[in-house]
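One structure is given below, encoded as structure tokens.
The values are calculated or read from the model by the stated rules, or taken from the named source; none is laboratory data. None of the values given here were measured: they were computed from a predicted structure. Neighbour counts run over all protein chains shown; Cβ positions are idealised from the backbone, glycine included. Heavy atoms of the whole protein, side chains included, go into the accessibility calculation; ligands, DNA and RNA do not. Shrake-Rupley method; radii C 1.70, N 1.55, O 1.52, S 1.80 Å.
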Amino acid sequence: MNPSPAVSRPLILTLSLTLGAPGLADTAPNDPETLMSGIDAMRRLPAGGVRMVQSGSQVFFLSDNGRYAFFGPGFDLWHGARLTSLPEAERLMGRLDRTRLTLDAGDLGALDVGTGTAEVLVFADPRCGACATLLDRLQALPPPLLKHYRFRLIPVPVLGGESQREVLALSCLAERDRAAALEAWLTQRTAELPPATDSCGQGPLQRALVTAHLLGLERVPFLIAPDGRLQSGAPPDLEAWLAGGEGV
């Protein structure tokens with residue numbers, strides 16, 4: 001699969017680990033027991049099979065199976081920041097720098113609710129009950145909020161074959177009539193749409209899937225706020241989350 005224009009270059013690599021950095025021989029313990037005995041905290045990074053470990057003031061990186069440990073500076077290239085502590089890494093994990101990462105929601109098949117300039121990306125599956133509830137809540141927001149925000153609804157099939165069929169049908173319809181596609185999704189009638197034919201709808205679907213994978217999306221709905229905050233699952237208090245609160 002060729003990288004799409006919708007996925008910016010920094011998305012291709014989340015984390016760079018440098019081995020054999022100067023001074024490493026003085027700080028890295030030589031035996032595994034010494035290495036693991038001083039662990040204070042550990043967190044899996046959204047990078048596929050890598051955990052960041054805090055041991056006192058020192059950080060290192062560990063493979064998920066515990067076999068390999070990596071010493072040296074780690075960088076979050078999405079933020080252009082060096083990972084110096086686990087709390088700092090966790091802070092960065094909870095958001096994206098949208099000034100550095102350009103995600104074109106239109107290329108991902110987004111359908112819009114609201115007319116504002118503040119974009120909220122919403123990855124959702126048409127067969128997901130929590131997603132349907134969230135879409136109802138979006139439509140019920142006060143008119144001033146719908147004039148301030150634009151919710152870019154990006155369909156992704158995460159619930160199996162029927163989800164993929166419905167997302168393809170939705171994407172295919174959107175290529176001809178975006179208003180009709182949005183209405184079908186908001187009224188939960190995507191199951192009634194005729195199947196997509198040939199390659200209709202395939203492009204946006206494939207780009208959305210690649211982007212969702214690179215973002216580490218594990219559940220839907222998945223939201224990205226205008227300021228880059230990430231939300232996995234619908235926030236219980238949507239308006240508080242939009243305003244900058246956690247909403248959980």
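Tell me whether the stretch 58-79 contains one or more residues that are without any contact (Cβ under 8 Å) to a residue 40 or more places away in the chain, out of contact with any Gly (no Cβ under 6 Å at 6 or more places or on another chain), open to solvent by less than 60 Å² (accessible area, probe 1.4 Å) and β-branched (Val, Ile, Thr). Within the stretch 58-79, one or more residues are without any contact (Cβ under 8 Å) to a residue 40 or more places away in the chain, out of contact with any Gly (no Cβ under 6 Å at 6 or more places or on another chain), open to solvent by less than 60 Å² (accessible area, probe 1.4 Å) and β-branched (Val, Ile, Thr). Within the option set 156, 113, being of a type in the set (A, V, I, L, M, F, W, C) and within 13 Å of residue 238 (Cβ to Cβ) holds for one residue only, 113.
Against the numbered list (1) part of a helix (DSSP H, G or I); (2) touching a residue at least 24 places away in the same chain (Cβ under 8 Å); (3) within 21 Å of the chain's Cα centre (by Cα), residue 175 comes up short only at (3). For the stretch 178-202, name all the residues that are farther than 16 Å from residue 165 by Cα and in contact (Cβ under 8 Å) with a residue 24 or more places away in the chain. 178, 182, 186, listed by residue number.
The residue that is farthest from residue 173 (Cα to Cα), among those in the stretch 203-247 that are free of Cβ contacts under 8 Å to residues at least 24 places away in the same chain and surrounded by 19 or more Cβ atoms within 10 Å (Cβ to Cβ), is 241. Residue 141 meets all of the listed conditions (1) touching a helix residue (DSSP H, G or I) at 6+ places or on another chain (Cβ under 9 Å); (2) in a helix (DSSP H, G or I); (3) surrounded by fewer than 19 Cβ atoms within 10 Å (Cβ to Cβ) but one, namely (2). State whether one or more residues within the stretch 116-135 are loosely packed, with under 15 Cβ neighbours inside 10 Å, without any contact (Cβ under 8 Å) to a residue 12 or more places away in the chain and not aromatic (Phe, Trp, Tyr). Yes, there is a match, as at least one residue in the stretch 116-135 is loosely packed, with under 15 Cβ neighbours inside 10 Å, without any contact (Cβ under 8 Å) to a residue 12 or more places away in the chain and not aromatic (Phe, Trp, Tyr). Being buried (at least 17 other Cβ atoms within 10 Å of the Cβ), at pLDDT below 95 and at negative phi is a property that residue 158 has. Report yes if residue 27 is open to solvent by 60 Å² or more (accessible area, probe 1.4 Å) and at pLDDT below 85, otherwise no. In short, yes.
Just one residue in the set 86, 153, 108, 103 is surrounded by 15 or more Cβ atoms within 10 Å (Cβ to Cβ), aliphatic (A, V, I, L, M), in contact (Cβ under 8 Å) with a residue 40 or more places away in the chain and over 26 Å from residue 196 (Cα atoms); that residue is 86. Consider the stretch 144-169 and keep the residues that are hydrophobic (A, V, I, L, M, F, W, C) and outside any helix (DSSP H, G or I). The one that is nearest to residue 115 (Cα to Cα) is 151. If only residues of the stretch 178-202 that are outside any helix (DSSP H, G or I) and open to solvent by 60 Å² or more (accessible area, probe 1.4 Å) are counted, the one that is nearest to residue 113 (Cα to Cα) is 187. Looking only at the stretch 49-107, residues that are part of a loop (DSSP other than H, G, I, E, B), closer than 21 Å to residue 120 by Cβ and not polar (S, T, N, Q) come to 10 in all.
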